[in-house]
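Engineer: Here you go, one structure.
The values are calculated or read from the model by the stated rules, or taken from the named source; none is laboratory data. Computed from a predicted structure; not experimentally measured. No Cβ is skipped: glycine too gets one built from the backbone with ideal geometry, and neighbour counts run over all protein chains shown.
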């Protein structure tokens, strides 16, 4: 199948019509083989707006509800996409699998280790699959890097870094006004609240849950001063919020050790003024790439002891899916990757093949949040990362190309190394 | 005093005439107010070469010895510069202070916590001062950043990062041939072997030992594969070394928590192909600077959510010492900073004022090596960092400008914040 080809119609319920839900609905509505048959949000006005948006796009009016359980009871819903607040993802996903609905779950961090186990056990018990919708795994740069890793350009991978570094001070600080839940987390918690955008691609480079796994982590949090300062300067309208104490450290750093000896470093940085960057960094026995400055050095290719721009090499190793996608025409948010992750979800369903990012990935990536909180709470003690595969990681195949729904969404068809 | 002005003659003994000793002697020999009266190395050929080099520069032949104790017994030696192998620095420095010789000690990491205490106690007991010759504190970029910190450009400092990232595979791998001791450390140890080049400047930004201090650290090491691969490819001449097992992880990451809530992350990276970089990173409530890509973002100065080149701001905030130094003419190794750190040492002695980087700095920066080894050995457990000042850090003055030997070496005359 090629991008633009369309298969049988997949009927979706979308649960959670906040900023992210609306954004993703806009990507789904133009797809001829996707019908949104139900929309759901705790706020009635969002439900009505989503219904209107669907009708305006030429589709029948979807069922609307403020109770996600009603969506799960609909026989015409084959799969649900969960775009709700972080702390409700797992409850809804587990219930959906129990009702036999395939699940596309948006990213976020876990609140407890046990909820990650609940997710895994529900999937194993019901035999209903879940895809973790980590869009950054489908970004052009990350997919080119994955191809380079698979083709051995970096040699043996030793170390990777990345971060969720996003100045969210206004979104957090105005959380009560825009009905966004992030504010609660930053007031109350202290950990890496949102680790999967950088961790997802690294998990691919390092074959996590497929011949390798994360063993342990340690997290450390800086003081929390950035958001307080912002509140003092911007929220004079609400003295209670203006003077609120935040627990979330401005910079949370997490080191992770993998079974095959690699280390990873994650950074969470959302309360200080900064340009957005995931600050990717990938290093092996033959060279390294660094997102800051977009630089690369590969032994025997680059001038010794010098970086070069990554432009030429990333173009040379562009993933075939992205070549095709550029010809087809990029669409959807976040530089085009939102479209690809949703197509992977839809086409996996159409073809009845396993999702490329599955429940074990979801559990082991989300759990980093809960474990980083534990480590910080105990003064940066090391914490073990559970093996959610119960040992299956040793023999689980690397994702083979022919099991993917969209040929070129076989984002790791490069298995030569 | 201005750069180029000369004071009374300071008579030095130089102990350790390896790569670094020779390099620094070349910087010292043209100084009219410095006489090298003794040179010392365990290898006789190096002693003779150093004597010849001194004579060739128009100075009297210095005393030469393979026993550093003989140098310490010389009444004409006022101060010694210790440029020996890392693990001998402290023994020689302590003995020198006991003999009343002022000490300029080159950088390196400690082997034990206790040797750092020995250094501190010797200084306190004898009243003889020691300067830690951390040249990177005197680099143009770091000094401009320090000025920016002092003038509040970054707001309240929250986080800093840096690394010793230097592809030393050939130097390490040929250690037996070039008589360099690094090989031993990489075979046997596993920790951040060389933390002070990045930590020294951070210590200035964060006022460590002067109103702030390091509380604890956690270290994590990746697998050790880079140097082994190099040995296999390059040391066929020595099958024993070719197949040797290295303990030192290729990438060692260390997180440090400070009393005032800041965090720091250090990276040690010497066994993989890479261009040299200290990857400095400095972040506060008003913005951040990152060495990779040489980018900066300052709120209300930079375009919102965008980095800009750091060129303009670093020029604007160039340190007065560096302005003067550029007019005077840069000299010495490592981009000119070697000359400045040695002038600070010499002129502090001439003027009888405290050294700008003292024994408490030396102990607390060097101890990171020993503590990172402990943390890694215990599976990345947090380890407490001793307070080598015995509580004096709370009231110790920030380095005031007028106590510095060279007016403009008052590298933290910017104390307004």
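Engineer: Being surrounded by 16 or more Cβ atoms within 10 Å (Cβ to Cβ) and either in contact (Cβ under 8 Å) with a residue 60 or more places away in the chain or out of contact with any helix residue (DSSP H, G or I) (no Cβ under 8 Å at 6 or more places or on another chain) (or both) is the filter; apply it to segment B:24-45 and report the residue that is farthest from residue B:347 (Cα to Cα).
Structural biologist: Residues of segment B:24-45 that are surrounded by 16 or more Cβ atoms within 10 Å (Cβ to Cβ), as a first pass: B:24-25, B:27-29, B:31, B:34-42.
Of the ones still in play, those that are also either in contact (Cβ under 8 Å) with a residue 60 or more places away in the chain or out of contact with any helix residue (DSSP H, G or I) (no Cβ under 8 Å at 6 or more places or on another chain) (or both) are B:24, B:27-28, B:31, B:34-35, B:37, B:42.
Details: B:24: 16, B:27: 15, B:28: 13, B:31: 11, B:34: 10, B:35: 14, B:37: 18, B:42: 29 Å.
Applying the filter and picking the extreme gives B:42.
Engineer: Only one of B:363, B:344, B:370 is part of a helix (DSSP H, G or I), at pLDDT 95 or above and over 13 Å from the mean Cα position of the chain (by Cα). Can you tell me which? Don't jump to the end; show me each part of the working.
Structural biologist: Numbers: B:363 fails: over 13 Å from the mean Cα position of the chain (by Cα); B:344 fails: at pLDDT 95 or above.
Residue meeting the stated conditions: B:370.
Engineer: Then there is this: Looking at B:155, B:211, B:127, can you tell me which residue is on the phi > 0 side of the Ramachandran plot and not assigned by TED's automatic domain parsing to the domain that holds residue B:242?
Structural biologist: On the way: B:155 fails: not assigned by TED's automatic domain parsing to the domain that holds residue B:242; B:211 fails: not assigned by TED's automatic domain parsing to the domain that holds residue B:242.
Answer to the selection: B:127.
Residues checked against (1) crowded, with 23+ Cβ neighbours inside 10 Å; (2) outside the structural domain of residue A:195 (by TED's automatic domain parsing); (3) touching a helix residue (DSSP H, G or I) at 6+ places or on another chain (Cβ under 8 Å):
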site: A:58; (1), (2), (3): no, yes, no
site: A:66; (1), (2), (3): no, yes, yes
site: A:69; (1), (2), (3): no, yes, yes
site: A:78; (1), (2), (3): no, yes, yes
site: A:93; (1), (2), (3): yes, yes, yes
site: A:98; (1), (2), (3): no, yes, yes
site: A:102; (1), (2), (3): no, yes, yes
site: A:113; (1), (2), (3): no, yes, yes
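Engineer: Continuing with the same structure: Out of all the residues in segment A:313-326, is one or more under 20 Å from the mean Cα position of the chain (by Cα), farther than 24 Å from residue A:122 by Cα and at pLDDT 95 or above? Give the derivation first.
Structural biologist: Looking only at segment A:313-326, we keep the residues that are under 20 Å from the mean Cα position of the chain (by Cα), and these are A:319, A:321-322.
Narrowing further to those that are farther than 24 Å from residue A:122 by Cα: A:319, A:321-322.
Next, from what is left, pick out any that are at pLDDT 95 or above: none.
The answer is no, given that none of the residues of segment A:313-326 is under 20 Å from the mean Cα position of the chain (by Cα), farther than 24 Å from residue A:122 by Cα and at pLDDT 95 or above.
Engineer: Between A:276, A:281, which is at the interface with another protein chain (Cβ under 9 Å from one of its Cβ atoms), within 24 Å of the chain's Cα centre (by Cα) and surrounded by fewer than 16 Cβ atoms within 10 Å (Cβ to Cβ)?
Structural biologist: Working: A:281 fails: surrounded by fewer than 16 Cβ atoms within 10 Å (Cβ to Cβ).
Exactly one residue qualifies, and that residue is A:276.
Each row is one residue, and each column tells you yes or no for (1) surrounded by fewer than 21 Cβ atoms within 10 Å (Cβ to Cβ); (2) in a helix (DSSP H, G or I).
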position: B:158; (1), (2): no, no
position: B:163; (1), (2): no, no
position: B:180; (1), (2): yes, no
position: B:186; (1), (2): no, yes
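Engineer: Still on this structure, please answer the following. Checking the structure you have, find out if any residue of segment B:162-170 is free of Cβ contacts under 8 Å to residues at least 40 places away in the same chain, assigned by TED's automatic domain parsing to the domain that holds residue B:280 and within 29 Å of residue B:273 (Cβ to Cβ).
Structural biologist: Taking segment B:162-170 and keeping what is free of Cβ contacts under 8 Å to residues at least 40 places away in the same chain, we get none.
For segment B:162-170, residues free of Cβ contacts under 8 Å to residues at least 40 places away in the same chain, assigned by TED's automatic domain parsing to the domain that holds residue B:280 and within 29 Å of residue B:273 (Cβ to Cβ): absent.
Engineer: Condition test on residue A:250, is it facing chain B (nearest Cβ under 10 Å) and at pLDDT 95 or above? Step through it out loud before you land on a result.
Structural biologist: Details: facing chain B (nearest Cβ under 10 Å): yes; at pLDDT 95 or above: yes.
The answer is yes for residue A:250.
Engineer: Filter segment A:285-296 down to the residues that are touching a helix residue (DSSP H, G or I) at 6+ places or on another chain (Cβ under 8 Å), at the interface with chain B (Cβ under 8 Å from one of its Cβ atoms) and in contact (Cβ under 8 Å) with a residue 40 or more places away in the chain and list them by number.
Structural biologist: Step one: of segment A:285-296, the residues touching a helix residue (DSSP H, G or I) at 6+ places or on another chain (Cβ under 8 Å) are A:285, A:289, A:291, A:294, A:296.
Checking the rest, the ones that are also at the interface with chain B (Cβ under 8 Å from one of its Cβ atoms) come to A:285, A:294.
Correct list: A:285 only.
Engineer: Something else now. Take the residues in segment A:188-211 that are more than 14 Å from the chain's Cα centre (by Cα) and part of a helix (DSSP H, G or I), then tell me which one is nearest to the other protein chains (Cβ to nearest Cβ).
Structural biologist: Among those that are more than 14 Å from the chain's Cα centre (by Cα) and part of a helix (DSSP H, G or I), it is A:205.
Engineer: Against the conditions (1) in a helix (DSSP H, G or I); (2) at pLDDT 95 or above, where does residue B:111 fall short? Just the number, please.
Structural biologist: Every condition holds for residue B:111 apart from (1).
Engineer: Sort through A:262, A:299 and tell me the only one that's buried (at least 23 other Cβ atoms within 10 Å of the Cβ), facing chain B (nearest Cβ under 7 Å) and over 21 Å from the mean Cα position of the chain (by Cα). Walk me through it before giving the result.
Structural biologist: Working: A:299 fails: buried (at least 23 other Cβ atoms within 10 Å of the Cβ).
One residue alone meets the criteria, A:262.
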